[in-house]
Amino acid sequence: QALRASDPKRARDDLLAVVAQAPGYAPAYVLLAQAWKALGYDAKALASAQQAAANSEGLPPRMQLSIEREVAAQQFDWSKAVELDGKLLTLSPQDLDQQLALADDLLNAGRPDEAERALADVRKLPGGDSDPRVELKAVAVARLRGNIADQAAHAERALQLAQAHDTALLAARAKVELAWTQSHSGQQEAAEKMLRDVIDYYQQRGNLRDEAEARLRLAGVLTKQNRSRQAREQYQTALDVFHRIGDQKQLTNTYKLLNGALWNQGDRDGAVTASRRGLAIAREIRDAGSEAWHSGSLAVMRLDEGADDETIAELRAASELDGRLGAREDRLFMLANLSDAYRLRGQLDEAQKYCSLARAELSPT
């Protein structure tokens, strides 16, 4: 229940008490892995999942599948996790939590269209259409596609549902997403106020990971207000937290945002270092979206030195991967830079081709 209410800290404390009393109780370790993951402690999450696997002998088949899926997820083996989600749903097709896990694993696997279909299936289940977690997952799909209007709509709906269910932690998460859309729409003061309120709330609860994620969004708002020093402080605080707890996905995301901030300040070397670190982590955790972004970013920065064949190839690879992932905004950026790269080489026909392709993808909106 604590995990469903987005309260992994309480879940962790309760589960640690359970495993202290029953060290070989595998079902508790499965949930403990999820709690550690939600708190950002990747290494502890994997260790708990492996403890569950070590104590799985003799358990019912469904629980063994659940444990196997948890280990796969904690090892960032998204294809295997998705496969096991399907087997689990065959056994329990009405399991809302399992359907949400499938949507999450599909997003991590870089399959947003399938994730969206999984969310549509969740909404058909009893209670699915009124669960704020479903709307928050829908925000993640919309964010990947660069659809600000959909992000805002789903974030608003998530906030309304969380408040209706008196789930303060889910409401806080919805506010973070809503503030991001406000900032993107030019409402910087409103976004800053909402994020600072959420940060205060997380500090009171001692929720380091979510506080750090909110600080990342705040850093973005401050950057748009040209408050570079304050933005750097927020980035550094978040980065320190993610390093300390070992949250790899948030680390690669932080380096992505830090790259943009450093580049805008004219610190090219710092921006390159940030993307190299982010790329290494993205490859380690098989985060295709972050890998495409960081590799593309490095190629874009190399355009300052020249548009060689390697740079062209990496820009093209990033744009193709963004296309498969449905990351529309990132793909448009890569296409624009491909056009510019060919222009620098004097290949104007190729430059025009990529410019036209970008315009064609932009035209529906």
Revision key, fill the gap. Where a ≥ b ≥ c are root eigenvalues of the Cα gyration tensor, a/c under 1.5 meaning rounded, otherwise prolate if a/b exceeds b/c and oblate otherwise, region 186-278 counts as oblate
Exercise for review: Could you check the simple spin-label distance between Gln163 and Ala280, using points 7 Å along Cα→Cβ, in nm with one decimal?
Suggested key: 4.5
**Study point:** Cα centroid of region 80-145 to Cα centroid of region 233-309, whole Å
**Key:** 28
Practice item. With 5 Å bins from zero, work out the P(r) of region 66-138 over every alpha carbon pair and list the percent per bin. Key: 3, 19, 31, 24, 18, 5, 0
Check your understanding: Rounded to a whole number of µm²/s, how large is the Stokes-Einstein D of the chain at 37 °C and 0.692 mPa s, given Rh as the Kirkwood radius over C-alpha pairs?
Key -> 152
Exercise for review: With N set to the residue count of region 242-345, report its C-alpha Rg divided by 2.2 N^0.38 Å to two decimal places.
Suggested key: 1.04
Point to revise | Within region 133-253: Cβ-based charge dipole about Cα centre, in debye rounded to nearest 20 (Lys, Arg +1; Asp, Glu -1) | key: 280
Check your understanding: Any idea what angle helix 228-245 forms with the longest principal axis of the chain, computed on alpha-carbon atoms, 0 to 90 degrees, nearest 10?
Key -> 40
Review point. Highest GNM mean-square fluctuation, the chain, Cα pairs closer than 10 Å: which of Asp77, Asp304, Asp210?
Key: Asp304
Point to revise | Length-normalised contact order for the chain - Cα pairs under 8 Å, 6+ apart - percent | key: 10
Practice item. Measure nothing but the geometry: give the 0 to 90° angle between the long axis through the Cα atoms of 248-264 and the longest principal axis through the Cα atoms of the chain, rounded to 10°. Key: 20
Review point. Classify region 1-69: rounded, prolate or oblate, from the alpha-carbon gyration tensor (a ≥ b ≥ c, eigenvalue square roots; a/c under 1.5 rounded; otherwise prolate if a/b is larger than b/c)?
Key: prolate
Review point. Quick one: helix 26-38 against the long Cα principal axis of the chain, what's the angle to the nearest 10°, folded into 0 to 90?
Key: 30
Exercise for review: Return a whole-number percent for the relative contact order of region 204-337, with Cα pairs under 8 Å and 6 or more residues apart as the contact set.
Suggested key: 15
Check your understanding: For the chain, the longest stretch holding no trypsin sites (Lys or Arg not before Pro) located in a DSSP loop with at most 16 other Cβ atoms within 10 Å is which?
Key -> 5-226
Practice item. Identify the chymotrypsin sites (Phe, Trp or Tyr not before Pro) of region 295-360 meeting these criteria: DSSP loop state and at most 11 other C-beta atoms within 10 Å of the C-beta. Key: none
**Study point:** Cut-off 18 Å, label 7 Å out along Cα→Cβ of Ala360, residues of region 297-337 by amide N
**Key:** 316-317, 319-329, 331-337
Review point. Mind listing the Cα extents of region 1-137 along all three principal axes, in Å, largest one first?
Key: 40, 27, 25
Practice item. Please find the FRET efficiency linking Glu114 to Arg10, where r is the Cβ-Cβ separation and R0 is fixed at 30 Å, and quote it to the nearest 0.05. Key: 0.40
Practice item. Please report the relative contact order for region 86-233, taking Cα pairs under 8 Å with a sequence separation of at least 6, and give it as a percent rounded to a whole number. Key: 13
Study note, to complete from the structure: Classified through the alpha carbon gyration tensor (a ≥ b ≥ c as square roots of its eigenvalues; rounded if a/c is under 1.5, else prolate when a/b is larger than b/c, else oblate), region 290-332 comes out prolate
Point to revise | Length added when fully stretched, Arg205-Lys87, from 0.36 nm per residue minus Cα-Cα | key: 38.8 nm
Study note, to complete from the structure: Per the rule of 0.36 nm per residue minus the C-alpha distance, extending Thr273 to Gln236 adds in nm 11.8 nm
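The numbers here are math on the coordinates, done by the rules we state, and not lab data. It should be emphasised that the depicted structure is a prediction, and the values quoted were computed from it without experimental measurement. Because the Cβ atoms are built from the backbone with ideal geometry, glycine has one as well, and the counts that use them run over all protein chains shown.
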